[in-house]
Structures are given as C-alpha cells and as structure tokens.
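Taking it in order: structure first as structure tokens, then the write-up.
Every number in this text was worked out from the coordinates using simple rules, so none of it is lab data. Here the structure is a predicted model, which is why all the values come from computation and not from measurement. Cβ placement follows ideal geometry from the backbone for every residue including glycine, while neighbour counts extend to all protein chains displayed.
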Amino acid sequence: MKSIKNLTRFTYETAAFQGWRLSISRSGTVFTKYFSDKKYGGDKKSFVAAEAALAAVKAVLEGAKRVNGKHTATTIRKVEKLLEQA
C-alpha cells in the first residue's frame with residue numbers, strides 16, 4: 001500500500017516497528033499515533049484503523065472553535081483521548 005496524506009507506511013526490515021503512522025498538524029499542534037501491524041493483525045487492518053482514526057480526528061478539528069488562531073485545550077484533549085482509544 002502507498003502512503004497517503006497524513007498517513008505514512010513504515011516497513012523497515014531492521015526496525016522493530018512495522019505499520020502506519022498518523023500525523024496531522026492543525027493550528028500549531030501536531031497529533032501523532034502509530035498503528036502497528038502486529039497489534040492490528042496485518043498491514044491492511046492497521047491501515048483501516050489508521051484511516052478511521054484520521055477521519056475522526058479531522059471531524060473533531062474541523063468542527064472545533066479557535067481562540068486567537070489556536071485550538072482550545074478542550075479540543076486538544078478530545079483529540080488526544082480519541083487517539084488513545086484508537
């Protein structure tokens with residue numbers, strides 16, 4: 001599978017991690033989560049999980065209010081909690 005915007009594939013033979021990395025930056029805040037092939041049962045399943053999490057994060061961030069051009073602490077906590085549960 002090929003990487004898409006905000007999702008990057010990591011497949012290194014010498015590294016312990018193989019899977020997908022979700023990384024999205026909005027209003028100066030970067031959110032990152034790794035989706036391991038081992039944890040999710042394969043590269044396709046980890047990709048599906050990463051895509052679902054990305055869609056959920058985008059939905060929260062697009063609907064969130066900003067104060068002085070930044071997301072509020074509540075919005076940031078909401079996204080971080082969502083990523084922990086993914």
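Overview of results
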| item | result |
| --- | --- |
| Helical contribution to [θ] at 222 nm, DSSP H n ≥ 4, -39,500 (n - 2.57), averaged over the chain, rounded to 500 | -14000 deg cm²/dmol |
| 0 to 90° range, to nearest 10: angle between helix 73-85 axis and the chain longest Cα axis | 20 |
| Relative contact order (%) - criterion: Cα under 8 Å, at least six apart; region: the range 7-85 | 22 |
| Straight-distance crosslink candidates among lysines, where the alpha carbon sits under 28 Å from Lys70 and sequence neighbours closer than 8 are dropped | Lys5, Lys33, Lys58, Lys78, Lys81 |
| Exposure proxy ranking, count of Cβ atoms within 10 Å, fewest first, for Leu61, Leu82 | Leu82, Leu61 |
